[in-house]
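The values are calculated or read from the model by the stated rules, or taken from the named source; none is laboratory data. Just so it is clear, the model here is predicted, and its values are computed rather than measured. Every residue, glycine as well, gets a Cβ built from its backbone with ideal geometry; the counts of neighbours run over all protein chains shown.
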Amino acid sequence: MGVNNMNEKVHMKVQDPKERCKNFNEVELGYTDEEALQEANRCLQCPNPRCMTGCPVSIQIPKFIKAIKDNDLKLAYEIICESSSLSAVCGRVCPQERQCESMCVRGLKGEAISIGSLERYVADNAIKNDYVSLNKKEKNGKSVAIVGSGPSGLTCAGELARLGYEVTVFEVLHKAGGVLTYGIPEFRLPKKIVKREVDNLVKLGVIIKTDVPIGNAIPLDELRSEYDAVYVCSGAGLPKFMGIPGEDANEVFSANEILTRINLMSSYKDESTTPIKKAKKAYVIGGGNVAMDAVRCLKRLGIEAHLMYRRGEEELPARKMEVTHAKEEGVIFDLLQNPKKILTDENNSVIGIEVVNMILSDVGDDGRRSVVEDENSLHKVDCDMVVMALGTSPNHEAIKGSNIELDEKGLIVTNGTKTSLDNVYAGGDAVSGAATVILAMEAGKKAASEIDEYLSKK
Ligand SMILES: Cc1cc2nc3c(=O)[nH]c(=O)nc-3n(C[C@H](O)[C@H](O)[C@H](O)COP(=O)(O)OP(=O)(O)OC[C@H]3O[C@@H](n4cnc5c(N)ncnc54)[C@H](O)[C@@H]3O)c2cc1C
Ligand code: SF4
């Protein structure tokens, strides 16, 4: 930003694309003190801050930015912590450009304040100086079980532990964190940051039990009788496939599997005992954040990585910044293309994809552009790996055997966060379908407050 141009934001420095496309280190490097101050000084401290209306958890944005201006970073952190328990995570992965930043008045004439980058700056400073907020009430003798350790479960656990509840989080995987741990790659969200958030909960007294599949090892009804209340937030981790011929070939994976193996089992490291098969050329099918994460991971493994999406660039649902980063790293975008069939050899190994071109129509009443196939455009592309990133739906393991009410899409039905079962609450992706970290956190916070209200009356 030019010193005199207050309409331009201070861009965060990033790792050189030529280097970062070969490693898993974080892409964005964070603000220096000077950069953060310069950006904070652009904030107009609006009396009616529009930015806050765009924040699902209503962070006091101008207040924390003022604390940065005043060089009181501890206060800035405390202000954020009043509304969000995962600031270092949200500062990195929240789609701020569609939330708080999209509402910022600075954006009317120039670039919005980089609220997310400032949040990250404050949170990282707190980590560096080990600021932890461990304020909590006396134990109240009541217990709550939480099923799933993603952002929704972690948020609910933190809120309830602070209110004096005995909280136990059950997680089927061997590490806590949900998608933050197994889905979002290290180069966007370093795992040490997630671990710190989990460690802070343990310091607050939360018990975290990993490797426990609720539904199988312990039925939900057993949890209901052992604990005063249960919060089900088991996410939406079941991948969708296209149902096209050849999808059962050896080298067709879901993005979830690829990302889990890379993030949770470090299969990109040479010493890994569960290495990912090194393909030469891979196609990731889809256009959302998950597709972008998967294709960027494959690029880092030295694979010629393509992203195939049936609409155009404007319609890509992924964050714009992720698209830009992927392009800079050398990901090849095959837009307006749709797979019709996976081609295989006699060993059922992938040798290519039969693809059709798509044509975008005008914008419809719903504001979206639909696509139709160009029937005469069928062609083949070579590849030896295909990764499906077409969205996910809830996995019902956790609620197996219970008669909890589900809607026609298989999502848990709630009134607020209360389910159809006595003393059972639910939220996050298991209720909304695949959404965002901050919305899952918002549900966790709401569930904590509703559980507290219910148990306080008992
Ligand atoms: C690859 C990827 C990238 C994403 N990128 C972004 C992003 O940049 N920004 C953003 O805002 N959102 C992003 N999202 C979406 C976001 O991560 C999710 O909306 C959010 O994590 C949902 O939180 P949750 O707590 O509801 O569920 P999850 O994070 O899915 O956590 C659920 C947990 O429950 C556990 N579980 C499931 N069944 C059981 C059982 N039977 N017993 C015990 N435990 C169980 C799971 O193992 C998991 O750990 C991304 C998602 C993915 C997959
Ligand atoms: S709307 Fe923008 S300029 Fe106004 S207080 Fe919020 S961040 Fe600052």
field: Exclusive hit being within 20 Å of LEU406 (Cβ to Cβ) and under 24 Å from the mean Cα position of the chain (by Cα), set LEU238, LEU223
entry: LEU238
- line: Within the stretch 98-119, the residues that are more than 14 Å from PRO49 (Cβ to Cβ), within 16 Å of ligand 1 (Cβ to nearest atom) and surrounded by fewer than 21 Cβ atoms within 10 Å (Cβ to Cβ) are ARG98
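Looking only at the stretch 313-332, which residues are assigned to a helix (DSSP H, G or I) and hydrophobic (A, V, I, L, M, F, W, C)?
Step one: of the stretch 313-332, the residues assigned to a helix (DSSP H, G or I) are 313-315, 320-329.
MET321, VAL323, ALA326 - these are the residues of the stretch 313-332 that are assigned to a helix (DSSP H, G or I) and hydrophobic (A, V, I, L, M, F, W, C).
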- request: For the stretch 186-258, please list each of the strands (runs of 3 or more DSSP E) lying entirely inside it that holds at least 3 residues being at pLDDT 95 or above and either within 28 Å of VAL284 (Cβ to Cβ) or within 16 Å of ligand 2 (Cβ to nearest atom) (or both).
  value: 252-254
- prompt: Given the structure, is ILE59 in contact (Cβ under 8 Å) with a residue 24 or more places away in the chain, assigned to a loop (DSSP other than H, G, I, E, B), within 16 Å of ligand 2 (Cβ to nearest atom) and under 30 Å from GLY237 (Cβ atoms)?
  reply: yes
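Yes/no per residue for (1) away from ligand 1 (no atom under 12 Å from the Cβ); (2) among the small types (Gly, Ala, Ser); (3) part of a helix (DSSP H, G or I):
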position	(1), (2), (3)
ASN395	no, no, no
LYS409	yes, no, no
ASP422	yes, no, no
ALA435	no, yes, no
- prompt: Which residues, counting only those in the stretch 34-61, are under 18 Å from ARG98 (Cα atoms), away from ligand 1 (no atom under 16 Å from the Cβ) and under 25 Å from the mean Cα position of the chain (by Cα)?
  reply: ARG50, CYS51, MET52, THR53, SER58, GLN60, ILE61
- request: Kindly check whether there is at least one residue in the stretch 19-33 that is among the charged types (D, E, K, R) and more than 28 Å from the chain's Cα centre (by Cα).
  value: no
- request: Would you please name the residue that is farthest from ligand 2 (Cβ to nearest atom), looking only at residues in the stretch 93-117 that are in contact with a helix residue (DSSP H, G or I) (Cβ under 6 Å, 6 or more places away or on another chain) and at pLDDT below 95?
  value: VAL93
- line: Of the candidates LEU37, LEU44, the one satisfying the condition of being within 16 Å of ligand 2 (Cβ to nearest atom), out of contact with any helix residue (DSSP H, G or I) (no Cβ under 6 Å at 6 or more places or on another chain) and not in a loop (DSSP other than H, G, I, E, B) is LEU37
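With more than 16 Å from ligand 2 (Cβ to nearest atom), surrounded by fewer than 14 Cβ atoms within 10 Å (Cβ to Cβ) and in a loop (DSSP other than H, G, I, E, B) as the only criterion, which of LYS74, LYS22, LYS18 stands out?
On the way: LYS74 fails: in a loop (DSSP other than H, G, I, E, B); LYS18 fails: in a loop (DSSP other than H, G, I, E, B).
Of the residues listed, the single one that is more than 16 Å from ligand 2 (Cβ to nearest atom), surrounded by fewer than 14 Cβ atoms within 10 Å (Cβ to Cβ) and in a loop (DSSP other than H, G, I, E, B) is LYS22.
Regarding LYS136, is this residue more than 15 Å from ligand 2 (Cβ to nearest atom) and surrounded by fewer than 21 Cβ atoms within 10 Å (Cβ to Cβ)? Give the steps one after another, and end with the answer.
Numbers: more than 15 Å from ligand 2 (Cβ to nearest atom): yes; surrounded by fewer than 21 Cβ atoms within 10 Å (Cβ to Cβ): yes.
In short, yes.
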statement: Taking the stretch 92-114 and keeping only residues that are more than 27 Å from ASP293 (Cβ to Cβ), among the aliphatic types (A, V, I, L, M) and not in a loop (DSSP other than H, G, I, E, B), one is left with LEU108
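Every residue, every condition in (1) more than 16 Å from ligand 1 (Cβ to nearest atom); (2) polar (S, T, N, Q); (3) part of a loop (DSSP other than H, G, I, E, B); (4) under 18 Å from ASP382 (Cβ atoms), yes or no:
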| site | (1), (2), (3), (4) |
| --- | --- |
| MET308 | yes, no, no, yes |
| ARG311 | yes, no, yes, no |
| PRO339 | yes, no, no, yes |
| ASN347 | yes, yes, yes, yes |
- request: Count, please, the residues in the stretch 62-71 that happen to be more than 16 Å from ligand 2 (Cβ to nearest atom) and crowded, with 19+ Cβ neighbours inside 10 Å.
  value: 0
